[in-house]
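J.: Below you will find the structure I want to go over with you.
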Amino acid sequence: MKSLLDLILRLDCWLLLAPLLPGIINKVKAWVAGRRGPPVLQLYYDLARLWKKSVVMSTLASPAFVILPAVTWVALLGAAMLLPLGPLGAGLSFRGDALLMLYLLALGRFATAWAAMETGSAFEGMGTVREVSYAVLAEAAMIAAVLSLSVQSGSLSLATMLTPSLGASAVLLAAGLFIVLLAENCRVPFDDPNTHLELTMIHEAMVLDHSGPPLAAILHGASMKLLLFAVLLVQAVLPMQHLQPLAAAGLLAGGVLGVTVAVGLVESLLARFAFRRVPLLLTAAFLLCLFALLVAWKGGVP
Amino acid sequence: MTGLLLLPAVILLVMAVVVGARWPRLWLGFTLAGAGAALGAALTVFPSGGGWEWQSKFLLGGETVHLRLDGVSAVFMALAAVVGGAGAVYARGYWPDHGHPATAPRGRVWWSALVLSMLLVLTVSNGLHFLMAWEAFAISGYFLLTLDPRKPAVRAAGWLYLATSHAGTVCLFAFFTLLAARTGGWDLGPLRADASCAPLFWLALAGFGMKAGFFPLHIWLPSAHANAPSHVSAIMSGVAIKMGVYGIVRFSGWLPVPPAAGWVVIGLGALSALLGIAFALAQNDFKRLLAYCSVENIGIILIGLGAALLGREHGDAGWGRLALAGALLHVWNHGAFKTLLFFGAGSVLHATGTREMSRLGGLWRRMPWTAGLFALGSVAVAGLPPLNGFVSELLIYLGLFDAVAGRQASAWAAMPAVIVLAMSGALALAAFAKAGAIIFLGAARTKPAAAAHECDGWMRGPMLALAGICLVLGLAPVLLWPALASAAAAWHPAWAGAMSPEPLATLGWVNLGLAATLAAAGSWLWRKVRANNLRRAPTWDCGYGVPSAKMQYTSGSFAGLAAGWFGWVLRPVRTLRRVRGHFPAHALRLERVPETVLERVVFPAGGYVMEVSTAVRRLQHGRLSAYILYVVAGLAALGVLVFMESLP
């Protein structure tokens with residue numbers, strides 16, 4: 001009974017709170033630009049509307065085109081469920097679940113890429129190539145981050161490895177993971193989610209042809225991915241395991257809010273990079289995580 | 001029990017060789033029965049863990065016949081039996097008598113000979129007999145590979161295969177004779193205490209590595225896999241190169257190894273994994289792409305094996321056992337999904353007649369089964385859950401992470417290996433998103449692609465069976481643990497014990513749950529979409545109304561970005577003709593990744609050797625007077641030498 005309650009609470013956290021994040025980012029951007037901006041709950045309205053709409057599908061695409069967004073969504077939700085949520089802890093924890101989380105994110109990427117290529121559109125091809133190629137560097141940074149967390153805690157399970165040590169390692173890790181967050185969620189300076197020019201997009205270019213409920217699944221999945229990276233970043237950096245449950249939950253929520261506002265500020269203050277500079281920034285993220293690993297290694301036996 | 005199954009397996013396969021040319025149905029029956037018996041023999045070894053041994057009085061080449069089947073060889077035998085059987089069925093549809101009246105009978109005979117010789121390689125326990133079986137295995141591979149010798153590319157690939165295979169065999173000759181000289185007999189077996197045998201490991205690594213095809217010894221592999229008939233490519237990639245892995249695993253288990261062995265093997269593995277998949281991504285020929293992907297997977301297996309060697313070196317650490325189990329499981333996994341992918345590639349080749357990805361496209365419409373099964377194989381080869389590729393990679397990861405946590409020197413090998421493994425996984429995802437998308441998705445780029453046809457039941461059946469194996473290995477990995485534990489114990493007795501690692505059971509449930517959720521969510525979304533009304537319209541191409549098939553991304557443009565980062569090793573050859581003038585004739589941009597190691601390293605080196613040899617050959621000109629001069633000069637030199645020796 002308790003585990004069922006726990007499951008429902010956890011699902012609610014991920015499913016219901018995730019669409020808040022893009023709303024907050026847009027509000028921050030509007031605030032910096034001196035506009036009123038769309039309501040924070042805009043994505044909820046969009047999702048509700050999309051869910052009721054009919055679907056237009058490319059004449060070239062196979063039925064997989066509308067099924068694969070569900071695969072991506074399940075993969076992202078699965079990855080999210082592995083992540084501990086402050087006082088709630090992890091829903092399912094075993095040795096190596098950190099790697100399962102990374103590979104679930106990869107499964108989501110594969111499904112999105114496959115669905116994008118279904119349409120035979122050059123724009124979707126462009127987006128796919130960028131997504132799968134940049135992911136190589138992002139993956140390197142992520143695994144270096146997981147390695148450094150594992151060295152630091154001596155564990156390979158997300159529930160016990162997110163025990164941050166304050167100091168240089170945490171700072172380096174925060175910087176590296178924040179860059180990966182921006183890249184994996186296709187935010188500025190890697191990608192501009194609001195541009196009108198398909199040529200300059202990554203993720204948005206991949207989902208150009210989707211509509212109706214599949215698009216709703218994609219948008220919701222993307223917001224869950226953003227929340228996932230924010231929660232991972234906050235828990236990897238802020239020590240909260242000794243706090244009271246309520247305080248820990250508050251700290252986690254505050255941290256996620258802080259990360260979201262930071263994403264909004266980056267988007268307001270920076271322009272999108274030229275694509276040839278993207279690999280450099282991702283390599284920098286990899287190096288930051290690698291240095292965090294070396295610092296954790298020097299930090300001594302836990 | 002094992003012997004009772006092994007004997008009929010050998011007899012049935014011999015009979016298949018005999019009847020293969022004339023009676024195809026009888027041949028299929030014998031081959032399948034033989035493969036089934038061999039699989040049964042392998043499976044009987046796992047539960048007991050003890051292995052099976054048979055020493056006869058019968059002499060062959062002056063040596064008594066000594067057979068042995070233990071956990072390590074049984075792993076490889078099970079793989080050979082499954083792929084040997086599946087390929088025999090597939091060949092009936094792919095290379096039928098009415099299509100290839102001259103070569104199909106020959107193909108059947110050599111197929112059974114190949115499977116039989118691999119079984120012998122795996123069972124003989126005598127150096128001399130091993131070399132004989134190894135040679136028979138290499139030769140039958142050559143004849144299968146060159147089934148269609150009218151094509152120059154096939155002949156060239158066959159020649160390269162034969163040359164490199166024998167270069168490897170030379171190392172093996174040296175290895176076995178030196179081993180026999182040190183142990184005083186040709187009989188093979190565990191000699192873990194005899195430290196004088198340790199340096200021989202390098203010879204074994206070179207000789208077997210040539211067959212395993214890790215970077216940079218992979219030079220024969222891409223052209224052989226691409227030009228062979230697809231069922232032959234499948235068994236070569238799925239099983240034959242694993243014989244090289246078997247050799248390395250076998251003799252690193254039986255003999256002591258030098259302290260550096262683990263480091264070198266893990267380094268070679270990391271190199272192969274990263275560069276193999278980078279080359280794969282850049283290929284335009286889908287069978288070459290699969291071939292290079294095999295180089296990557298051999299690299300992953302070697303990373304696991306290298307970690308196992310390091311673990312054994314550093315006090316029998318448990319993580320070495322995990323990594324070894326992961327490596328051996330990956331042998332199976334790669335055998336299953338790569339055979340599936342090569343069968344899928346064969347169906348495409350059969351239906352369209354081209355291996356060039358950029359001439360295909362939109363095949364899912366005509367070939368839905370092949371497209372779906374190829375997609376499943378792609379998910380498996382990219383190491384994504386819930387399929388089997390992820391399970392073995394996770395075991396290797398766990399071994400490496402534990403090595404890092406051990407904070408010994410070996411952590412410095414494990415940390416780069418982890419990063420390389422993750423990057424090669426992401427590159428494999430890119431490579432197979434490309435292969436699947438360019439071949440099967442979008443619009444047909446040429447007429448043959450638009451007129452493709454689905455493969456027949458003989459080809460689809462084995463593909464379905466292999467896809468089922470991929471699924472079962474992914475969803476119920478814990479069933480395999482007894483086999484892996486028995487193999488680990490046979491490799492290093494200190495690692496005996498049936499305890500299953502805790503994540504394996506959990507992972508099976510997680511994969512099962514994931515697969516069920518994926519199926520449920522997919523069908524739910526599909527029904528929701530149908531209920532909401534589904535309409536078809538042209539693809540949105542930025543408002544352009546009549547998109548053409550030529551506007552799609554091609555294989556080269558897909559790989560361009562990531563392959564550009566590896567330009568320093570891929571060395572692509574570019575041909576560029578720009579648009580010039582007001583009425584340009586036509587523009588052109590071609591990009592091809594050559595066989596870089598072969599064309600930039602091996603051929604120039606070979607050319608240099610030939611030049612030196614030609615220069616030396618001037619000494620041999622046929623003039624008697626000069627030859628007499630050589631003899632006199634030689635005698636004089638000898639005399640001087642003897643005189644110098646006699647001086648105090």
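The values are calculated or read from the model by the stated rules, or taken from the named source; none is laboratory data. Just so we're clear, the structure is a prediction, and the values are computed from it rather than from any experiment. Quick reminder, even Gly has a Cβ in these numbers, built from the backbone with ideal geometry, and neighbours come from all protein chains shown.
J.: Filtering the range A:42-60 down to residues that are among the hydrophobic types (A, V, I, L, M, F, W, C) and either away from chain B (no Cβ under 14 Å) or in contact with a strand residue (DSSP E or B) (Cβ under 8 Å, 6 or more places away or on another chain) (or both), which residue is nearest to A:Leu105 (Cα to Cα)?
T.: A:Leu43
Let's see how each residue does on (1) in contact (Cβ under 8 Å) with a residue 40 or more places away in the chain; (2) aliphatic (A, V, I, L, M); (3) assigned to a loop (DSSP other than H, G, I, E, B); (4) more than 8 Å from chain A (Cβ to nearest Cβ):
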| site | (1), (2), (3), (4) |
| --- | --- |
| B:Gly522 | no, no, no, no |
| B:Arg527 | no, no, no, yes |
| B:Arg530 | no, no, no, yes |
| B:Gly564 | no, no, no, yes |
| B:Thr575 | no, no, no, yes |
| B:Val579 | no, yes, yes, yes |
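J.: I've got another one for you. Select from the range A:228-281 the residues that are over 19 Å from A:Leu181 (Cβ atoms), assigned to a helix (DSSP H, G or I) and without any contact (Cβ under 8 Å) to a residue 60 or more places away in the chain and list them in ascending order.
T.: A:Ala247, A:Gly250, A:Arg276
J.: Just checking, how many residues over the range A:164-212 are under 26 Å from B:Leu525 (Cβ atoms) and away from chain B (no Cβ under 13 Å)?
T.: 5
J.: Then there's this: Name every residue in the range B:181-213 that is touching a strand residue (DSSP E or B) at 6+ places or on another chain (Cβ under 8 Å) and in a loop (DSSP other than H, G, I, E, B), in order of residue number.
T.: B:Trp186, B:Leu188, B:Gly189
J.: Name the single residue that is surrounded by the fewest Cβ atoms within 10 Å (Cβ to Cβ) among those in the range A:84-117 being without any contact (Cβ under 8 Å) to a residue 40 or more places away in the chain and of a type outside the set (Phe, Trp, Tyr).
T.: Within the range A:84-117, the match that is surrounded by the fewest Cβ atoms within 10 Å (Cβ to Cβ) is A:Leu92.
J.: Based on this model, can you work out whether A:Gly125 counts as in a helix (DSSP H, G or I), facing chain B (nearest Cβ under 8 Å), of a type outside the set (Phe, Trp, Tyr) and free of Cβ contacts under 8 Å to residues at least 12 places away in the same chain?
T.: yes
Conditions tested, residue by residue: (1) under 20 Å from the mean Cα position of the chain (by Cα); (2) under 21 Å from A:Leu238 (Cβ atoms).
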| site | (1), (2) |
| --- | --- |
| A:Ala111 | yes, no |
| A:Ala135 | yes, no |
| A:Met142 | yes, yes |
| A:Ala145 | yes, yes |
| A:Ser157 | yes, yes |
| A:Gly167 | no, yes |
| A:Val171 | yes, yes |
| A:Gly176 | yes, yes |
| A:Leu197 | no, no |
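J.: Quick one: which of B:Ile235, B:Ile241, B:Ile219 is under 28 Å from B:Arg150 (Cβ atoms) and assigned to a loop (DSSP other than H, G, I, E, B)?
T.: B:Ile219
J.: Are there any pairs with C-beta distances below 6 angstrom linking a residue in the range B:3-30 that is of a type outside the set (Ser, Thr, Tyr) to a residue that is part of a loop (DSSP other than H, G, I, E, B), with the two at least 6 apart or on different chains, and if so which?
T.: Here the result reads B:Trp27/B:Gly20, each pair linking the range B:3-30 to a residue that is part of a loop (DSSP other than H, G, I, E, B).
J.: Let me ask you something else. If a residue has to be within 23 Å of the chain's Cα centre (by Cα) and either within 14 Å of another protein chain (Cβ to nearest Cβ) or in a helix (DSSP H, G or I) (or both) to count, how many in the range B:339-363 make the cut?
T.: 13
J.: Can you pull out every residue in the range A:184-202 that is surrounded by fewer than 22 Cβ atoms within 10 Å (Cβ to Cβ) and part of a helix (DSSP H, G or I)?
T.: Once the filter is applied, which keeps residues that are surrounded by fewer than 22 Cβ atoms within 10 Å (Cβ to Cβ) and part of a helix (DSSP H, G or I), the range A:184-202 yields A:Glu198, A:Leu199, A:Thr200.
J.: Another question about this same structure. Out of A:Pro69, A:Pro39, A:Pro63, which single residue is farther than 27 Å from A:Ala248 by Cα, touching a strand residue (DSSP E or B) at 6+ places or on another chain (Cβ under 9 Å) and either within 7 Å of chain B (Cβ to nearest Cβ) or not β-branched (Val, Ile, Thr) (or both)?
T.: Among A:Pro69, A:Pro39, A:Pro63, only A:Pro63 is farther than 27 Å from A:Ala248 by Cα, touching a strand residue (DSSP E or B) at 6+ places or on another chain (Cβ under 9 Å) and either within 7 Å of chain B (Cβ to nearest Cβ) or not β-branched (Val, Ile, Thr) (or both).
J.: Output yes when any residue across the range B:532-542 is modelled with pLDDT of 90 or more, more than 30 Å from B:Leu309 (Cα to Cα), within 10 Å of another protein chain (Cβ to nearest Cβ) and in a helix (DSSP H, G or I), and no when none is.
T.: yes
J.: Shifting gears a bit: For the range B:364-389, which residues satisfy the criterion of being within 9 Å of another protein chain (Cβ to nearest Cβ) and either in contact (Cβ under 8 Å) with a residue 60 or more places away in the chain or part of a helix (DSSP H, G or I) (or both)?
T.: Correct list: B:Trp364, B:Arg365, B:Pro368, B:Ala371, B:Gly372, B:Ala375, B:Ser378, B:Val379, B:Pro385, B:Pro386.
Residues checked against (1) at the interface with chain A (Cβ under 7 Å from one of its Cβ atoms); (2) under 23 Å from the mean Cα position of the chain (by Cα); (3) at pLDDT below 95:
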site: B:Gly399; (1), (2), (3): no, yes, yes
site: B:Val404; (1), (2), (3): yes, no, yes
site: B:Val418; (1), (2), (3): yes, yes, no
site: B:Met423; (1), (2), (3): yes, yes, no
site: B:Ala433; (1), (2), (3): yes, yes, no
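J.: Is there a residue in the range B:291-301 that is of a type outside the set (Val, Ile, Thr) and touching a Cys at 6+ places or on another chain (Cβ under 9 Å)?
T.: No - not one qualifying residue is present in the range B:291-301.
J.: Quick check on this structure: which one of B:Pro501, B:Pro482 is under 29 Å from the mean Cα position of the chain (by Cα) and surrounded by fewer than 21 Cβ atoms within 10 Å (Cβ to Cβ)?
T.: B:Pro482
J.: Specify the residue that is surrounded by the most Cβ atoms within 10 Å (Cβ to Cβ); the eligible residues are those in the range B:23-50 that are modelled with pLDDT under 90 and more than 26 Å from the chain's Cα centre (by Cα).
T.: Step by step, filter the range B:23-50, then rank; the result is B:Gly49.
J.: List every residue pair whose Cβ atoms sit under 9 Å apart, with the two residues 6 or more apart in sequence or on different chains, where the first one lies in the range B:35-61 and is at positive phi and the second, anywhere, is surrounded by fewer than 16 Cβ atoms within 10 Å (Cβ to Cβ) and assigned to a strand (DSSP E or B).
T.: Qualifying pairs under 9 Å: none.
J.: Next question. For the range B:464-482, name all the residues that are at pLDDT 90 or above and more than 14 Å from chain A (Cβ to nearest Cβ).
T.: Within the range B:464-482, B:Leu464, B:Ala465, B:Leu466, B:Ala467, B:Gly468, B:Ile469, B:Cys470, B:Leu471, B:Val472, B:Leu473, B:Leu475, B:Ala476 qualify.
J.: Give A:Phe275, A:Phe286 a once-over and let me know the one that is in contact with a Gly (Cβ under 9 Å, 6 or more places away or on another chain) and of a type outside the set (Lys, Arg).
T.: Checking each option against the conditions leaves just A:Phe286.
J.: A further question on this structure: Given the criteria under 21 Å from A:Leu147 (Cβ atoms), more than 11 Å from chain A (Cβ to nearest Cβ), in contact (Cβ under 8 Å) with a residue 40 or more places away in the chain and in a helix (DSSP H, G or I), does B:Ser392 qualify?
T.: yes
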